[in-house]
Amino acid sequence: MLFFSYFKDLVGREVTVELKNDLAIRGTLHSVDQYLNIKLENTKVVDQDKYPHMLSVRNCFIRGSVVRYVQLPPDGVDVELLHDATRREARGG
Amino acid sequence: MSWAGPEDIFLSTSLASYLDKKLLVLLRDGRKLLGILRSFDQFANAVLEGACERVIVGDLYCDIPLGLYVIRGENVVLIGELDLEREELPPHMVRVSAAEIKRAQKAERDATDLKGSMRKRMEFLDLD
């Protein structure tokens, strides 16, 4: 549940989601669920020329299982906080 | 996907906000399906009405009508809402017939195969 909560805190921020098929999409994080499925708004494909079919896609749902990376805004990562939360979770909550 | 009540459908990751809209579904094998979302579940299994496959080869494209499709969720990569205000494809792309796109697809596949086999034959040169 840790990363679910973590991503929930990032809602409204600009992120870049890189998929396992190398497609990278930048957009505003709209929502996340327990599978880490992601909904993005105002999306823009990073390499637009290579993926012309994505031109008119503004909002999208990405299945959690196909995500390789989520690139976050630098100030969106608090390693200290994650570290603490991890230890708390490991101890059983 | 949580089973959200009607009031927070638009805040959740649920596909409910995409129901009855024209969508682009990207599949794991690279296929692009277009259609109207009529049903879905928590695995992203989805039912598309009036589905068609958009085949793109270079600057050519073709929409091949398929009918009603039930897609198994594990094959779904992305479901995108199509902005009806915007052009679906760049203006330089040309719509061609199904026969023509099949020919273009085959030509592209043959070219890739040839490139692969050429590379294989040259492997002893240790190019990289």
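Of all residue pairs spaced 6 or more apart or on separate chains, those with beta-carbon atoms under 7 Å, a first member in region B:84-97 that is among the basic types (K, R) and a second member that is part of a loop (DSSP other than H, G, I, E, B) are B:R86/A:L55; B:R86/A:S56. Among the candidates B:I71, B:I36, B:I64, the residue that is β-branched (V, I, T) and more than 17 Å from B:L15 (Cα to Cα) is uniquely B:I64. Only residues that are surrounded by fewer than 16 Cβ atoms within 10 Å (Cβ to Cβ) and either assigned to a strand (DSSP E or B) or at positive phi (or both) were counted across region B:37-62, and they come to 5. Of all residues in region B:63-105, those satisfying the criterion of being within 19 Å of B:D29 (Cβ to Cβ), open to solvent by less than 40 Å² (accessible area, probe 1.4 Å), out of contact with any helix residue (DSSP H, G or I) (no Cβ under 6 Å at 6 or more places or on another chain) and within 14 Å of chain A (Cβ to nearest Cβ) are B:D63, B:I71, B:G73, B:V76, B:L78, B:I79, B:G80, B:I101. For B:R72, the conditions (1) without any contact (Cβ under 8 Å) to a residue 12 or more places away in the chain; (2) over 19 Å from A:D49 (Cα atoms); (3) of a type in the set (K, R) are fulfilled apart from (1).
Residues of region B:106-128 that are open to solvent by 90 Å² or more (accessible area, probe 1.4 Å) and in a loop (DSSP other than H, G, I, E, B): B:D126, B:L127, B:D128. Scanning region A:14-58 for residues that are touching a His at 6+ places or on another chain (Cβ under 7 Å) and at the interface with chain B (Cβ under 7 Å from one of its Cβ atoms) turns up just one, A:K39.
Taken together, the criteria exclude A:N42 from residues that are buried (at least 18 other Cβ atoms within 10 Å of the Cβ) and touching a residue at least 12 places away in the same chain (Cβ under 8 Å). Restricting attention to region B:5-18, does a residue exist that is facing chain A (nearest Cβ under 7 Å), open to solvent by less than 10 Å² (accessible area, probe 1.4 Å), touching a Phe, Trp or Tyr at 6+ places or on another chain (Cβ under 6 Å) and part of a strand (DSSP E or B)? Within region B:5-18 (the criterion being facing chain A (nearest Cβ under 7 Å), open to solvent by less than 10 Å² (accessible area, probe 1.4 Å), touching a Phe, Trp or Tyr at 6+ places or on another chain (Cβ under 6 Å) and part of a strand (DSSP E or B)), the answer is no, since none of the residues qualifies.
Remark: pairs (first residue in region B:22-51, farther than 16 Å from A:K39 by Cα and among the β-branched types (V, I, T); second residue open to solvent by less than 20 Å² (accessible area, probe 1.4 Å) and modelled with pLDDT of 95 or more; Cβ separation under 8 Å; 6+ apart in sequence or on different chains) = B:I36/B:L23; B:I36/B:L48; B:V47/B:L37; B:V47/B:I71.
Here B:E49 passes the criteria (1) modelled with pLDDT of 95 or more; (2) under 29 Å from B:K106 (Cβ atoms) except the one numbered (2). None of A:F61, A:F7 is buried (at least 16 other Cβ atoms within 10 Å of the Cβ), aromatic (F, W, Y) and in a strand (DSSP E or B) except A:F61. Looking only at region B:72-85, which residues are assigned to a strand (DSSP E or B) and over 12 Å from the mean Cα position of the chain (by Cα)? B:E81, B:L82 - these are the residues of region B:72-85 that are assigned to a strand (DSSP E or B) and over 12 Å from the mean Cα position of the chain (by Cα). Can you find a residue in region A:74-83 that is open to solvent by less than 60 Å² (accessible area, probe 1.4 Å) and away from every other protein chain (no Cβ under 14 Å)? There is at least one residue in region A:74-83 that is open to solvent by less than 60 Å² (accessible area, probe 1.4 Å) and away from every other protein chain (no Cβ under 14 Å). The set of residues from region A:18-76 being aliphatic (A, V, I, L, M) and farther than 23 Å from A:L2 by Cβ comprises A:L23, A:A24, A:I25, A:V45, A:V46, A:M54, A:L55, A:V57. Scanning region B:60-106 for residues that are more than 28 Å from B:A46 (Cα to Cα) and among the acidic types (D, E) turns up just one, B:E100.
The values are calculated or read from the model by the stated rules, or taken from the named source; none is laboratory data. No experiment lies behind these values; they were computed from the predicted model shown. Here Cβ is always computed from backbone atoms with ideal geometry, including for glycine, and neighbour counts include all displayed protein chains. For accessibility, only protein heavy atoms count, side chains too; no ligands or nucleic acids. Shrake-Rupley method; radii C 1.70, N 1.55, O 1.52, S 1.80 Å.
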